[in-house]
Amino acid sequence: MIAIYTLWIREIKKYFRSKSRIVGSLGQPILFLIALGFGLGPVFQKAGEGNYIQFLVPGIISMSILFMSIFSGISVIWDREFGFLKETLVAPVPRWQIMLGRTLGGATVAVMQGIIVFVISFFAGFKVENIAMLPITFVFMALIALIFTALGTAIASVLEDMHGFQLIMNFLVMPIFFLSGALFPLENLPKVLNVIVKFNPLSYGVDGIRATLNGVSQFGLMTDFWVLAIVFAVFISIGSYLFSRIQI
């Protein structure tokens with residue numbers, strides 16, 4: 001358990017040591033918030049869907065957590081290329097503990113990033129409908145972070161170098177984000193898109209955050225929670241298995 005705690009804290013310290021990483025990772029969420037929130041807001045309102053900022057913010061928070069989580073997992077590849085991973089793997093502790101510690105650290109960093117975006121959203125005019133639901137919001141943020149940090153670690157465990165990173169971004173991360181309901185309502189979608197959205201774990205994370213912040217839910221809070229909890233259990237198991245098979 002000491003190994004898990006040590007790696008957890010190490011990932012958090014790495015985040016705070018890199019000021020440029022903190023600032024740089026905020027650029028895309030802020031751009032989406034301003035460009036889409038104010039650019040498409042009038043169109044969204046004319047369509048009778050209400051305030052687009054209120055709708056958009058949960059999706060932007062989820063996007064920030066998604067990207068930071070995946071990057072935290074993919075950092076395994078960097079550690080492998082520069083020899084840092086070898087130093088960790090030779091430690092006399094089970095590899096699943098190393099993987100869990102890294103996942104908790106990466107997820108904590110991603111949640112911090114999501115909270116920063118959440119705070120920034122107030123300057124764009126966002127309002128929380130029910131303050132009492134905020135603790136549950138953070139639970140959903142944590143579940144999203146844990147799921148995609150574990151997924152990133154699982155992917156990084158089978159990649160040999162960074163050459164496949166762009167492939168992951170284009171064919172996995174971006175579709176997960178755009179097909180999650182983060183930017184558009186999920187009602188009246190074509191059947192194919194409707195199926196894809198329901199198989200996308202981020203859809204339930206976005207819906208959970210939107211339900212706790214705005215009081216609007218597509219799937220229901222309990223459904224959101226249990227789907228995310230089950231997906232996390234599956235991804236952490238797969239990630240632990242693949243991480244344990246890394247050759248040094």
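Does at least one position in the stretch 224-245 carry a residue that is assigned to a loop (DSSP other than H, G, I, E, B) and surrounded by 14 or more Cβ atoms within 10 Å (Cβ to Cβ)? Looking for residues that are assigned to a loop (DSSP other than H, G, I, E, B) and surrounded by 14 or more Cβ atoms within 10 Å (Cβ to Cβ), one finds none in the stretch 224-245, hence no. Put simply, of Ile147, Ile136 the only residue that is closer than 13 Å to Gly73 by Cβ, at pLDDT 90 or above and out of contact with any His (no Cβ under 9 Å at 6 or more places or on another chain) is Ile147. Can you tell me which residue within the stretch 94-124, out of those that are among the polar types (S, T, N, Q) and at pLDDT 80 or above, is farthest from Thr149 (Cα to Cα)? Only one residue fits best here, namely Ser121.
One residue stands out in the stretch 159-193 among those that are among the aliphatic types (A, V, I, L, M), modelled with pLDDT of 80 or more and not in a loop (DSSP other than H, G, I, E, B): the one that is farthest from the chain's Cα centre (by Cα), namely Val192.
For (1) of a type outside the set (Gly, Ala, Ser); (2) buried (at least 24 other Cβ atoms within 10 Å of the Cβ); (3) closer than 30 Å to Gly125 by Cα, each residue gets a yes or a no:
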residue: Ile147; (1), (2), (3): yes, yes, yes
residue: Ile176; (1), (2), (3): yes, no, yes
residue: Asn194; (1), (2), (3): yes, no, no
residue: Val206; (1), (2), (3): yes, yes, yes
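Rundown of residues vs (1) more than 13 Å from Gly205 (Cβ to Cβ); (2) surrounded by fewer than 23 Cβ atoms within 10 Å (Cβ to Cβ); (3) aliphatic (A, V, I, L, M), yes/no style:
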position	(1), (2), (3)
Ile115	yes, yes, yes
Phe123	yes, yes, no
Lys127	yes, yes, no
Asn130	yes, yes, no
Pro135	yes, yes, no
Gly152	yes, no, no
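Those helices (runs of 4 or more DSSP H) of the stretch 1-93 in which 3 or more residues are over 22 Å from Arg210 (Cα atoms) and modelled with pLDDT under 80 occupy 2-17, 19-39, 52-81, 84-89.
The values are calculated or read from the model by the stated rules, or taken from the named source; none is laboratory data. Bear in mind the structure is a predicted one, so any value in this text is a computation, not a measurement. Backbone-built Cβ (ideal geometry, glycine too); neighbour counts: all protein chains shown.
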